[in-house]
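Beneath this line is the structure, given in structure tokens, with notes to follow.
Just so it is clear, none of the values below were taken in a lab; they were calculated from the coordinates. Every value quoted in this text rests on a predicted model; they were computed, and no experiment measured them. Ideal geometry is used to build each Cβ from the backbone, glycine not excepted, and the neighbour counts take in all protein chains shown.
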Amino acid sequence: MSNIQDTLQNFQAITLEKMNDVKLLDRVDRKFICSVEKFESVFEKLTEFYYILEINGIRNFQYSTVYFDTDNFLFYTQHHNGKRNRNKIRQRSYVETGVHFFEIKHKSNKGRTTKYRMQVRNPATTLTDRKVDLIKKHVIDVDIERLFPKITIKFKRITLVSKLFNERITIDTELNYDNGLKTASYPNIAIFELKQSCRISSHASNTMREERIRKKSISKYCLGIASLYEGVKLNNFKTKFNSIKKISNENI
């Protein structure tokens, strides 16, 4: 990761306030997964065209996210079965800044991602009245009394913003999963997510093509559930998960 740390400093920085001009809470996403070694090659090619988020001198941030689901894994199963209108419910903590958000992430039948969120005071995962109200407003197919924290995901994230201000990129590494009984980690993969208001060609997408990194739609949540819980449905994820395991074992 030393090359990545060096490359981080080659980007021009952008503040959180300025980056919020490109919030993209309603967007289309494309994900790409590669080894950390391949990530280093791609990352170097983006320095001229993107700003990097910097807060208090930090450019690679620690995230901790708790996902909620039912005992029979309603949200996981919806994703596995390819349900078009589906949701994820989570609480995300930005470790360095001590900021916490309770969020609902909705994927529409047109492939658009919309995020509804509210800031909360602390990382406690209790479903308070405010959180329940947000769920009731945006999720109609779940019994709230059956929702429980199912998994904690910790990872490092780099955020880039196009100098054209029409795209954001998040790059997640050092994935670690914990459900209180078991843990799993994927230290050798990097997940790029291109976030745009509408799908357009960009320097990042062109670089992915040049590096022969194919788009691979995968949910960090689903990867974690499949890694830690026995008996969940896997058939539709097997090819993707085997590909991720292959990438994860490269150059180790």
field: Modelled FRET efficiency - R0 35 Å, N176 with A13, Cβ distances, 0.05 increments
entry: 0.85
message: If I model a spin label as a point 7 Å beyond the Cα along the Cα-Cβ vector, how far apart are those points for N56 and D141 in nm?
response: 4.1 nm
query: Looking at the range 2-248, what % of its DSSP beta bridges pair antiparallel, to the nearest 5?
result: 95 percent
message: Run through the range 27-74 and list the chymotrypsin sites (Phe, Trp or Tyr not before Pro) located in a DSSP loop whose Cβ has at most 12 other Cβ atoms within 10 Å.
response: none
- request: Count neighbours as other Cβ atoms within 10 Å of each site's Cβ, and list the GluC sites (Glu not before Pro) in the range 1-80 that are DSSP loop with at most 13 such neighbours.
  value: E48
task: Please work out whether the range 200-252 counts as rounded, prolate or oblate from its C-alpha gyration tensor, where a ≥ b ≥ c are the square roots of the eigenvalues and a/c under 1.5 means rounded, while otherwise a/b larger than b/c means prolate and anything else oblate?
output: prolate
query: How would you classify the range 140-198 from its alpha-carbon gyration tensor, with a ≥ b ≥ c the square roots of the eigenvalues: rounded for a/c under 1.5, else prolate if a/b is greater than b/c, otherwise oblate?
result: oblate
message: Loop-only GluC sites (Glu not before Pro) in the range 168-252, please: DSSP not H, G, I, E or B, and at most 12 other Cβ atoms within 10 Å.
response: E230
- prompt: Cβ under 12 Å from K31's Cβ, K31 left aside: what net charge do those residues give with Lys, Arg +1 and Asp, Glu -1?
  reply: +4
message: If I stretch the segment between N109 and K215 completely, what's the gain in nm (0.36 nm per residue apart, minus their alpha carbon distance), one decimal?
response: 36.2 nm
task: Could you pull out every residue, at least 5 positions away or on a different chain, whose amide H is within less than 5 Å of the one on V120? Hs are placed 1.01 Å off N in the peptide plane, and Pro or chain starts have none.
output: H100, F101, F102
- line: Residues other than F148 with Cβ under 10 Å of its Cβ, Lys/Arg counted +1 and Asp/Glu -1, net out at -1
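Enter the per residue convex hull volume of the chain, computed from alpha-carbon coordinates, in Å³ rounded to the nearest integer.
129 Å³
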- prompt: If you add up the charges near D172, with Lys and Arg at +1 and Asp and Glu at -1, over every other residue whose beta carbon is less than 12 angstrom from its beta carbon, what do you get?
  reply: +3
- prompt: Length gain on complete extension for the stretch R199 to T97, per 0.36 nm per residue less the alpha carbon to alpha carbon distance?
  reply: 33.6 nm
- prompt: What pairs from K150/K215; K31/K107; K31/K131 go past 21 Å between their alpha carbons?
  reply: K150/K215; K31/K131
- request: Order these peptides, 214-225, 134-145, by their mean beta-carbon neighbour count within 10 angstrom, highest first.
  value: 214-225, 134-145
message: Nearest 500 deg cm²/dmol is fine: what mean residue ellipticity at 222 nm does the chain get from its DSSP H runs of n ≥ 4 alone, each adding -39,500 (n - 2.57), divided by its residue count?
response: -7000 deg cm²/dmol
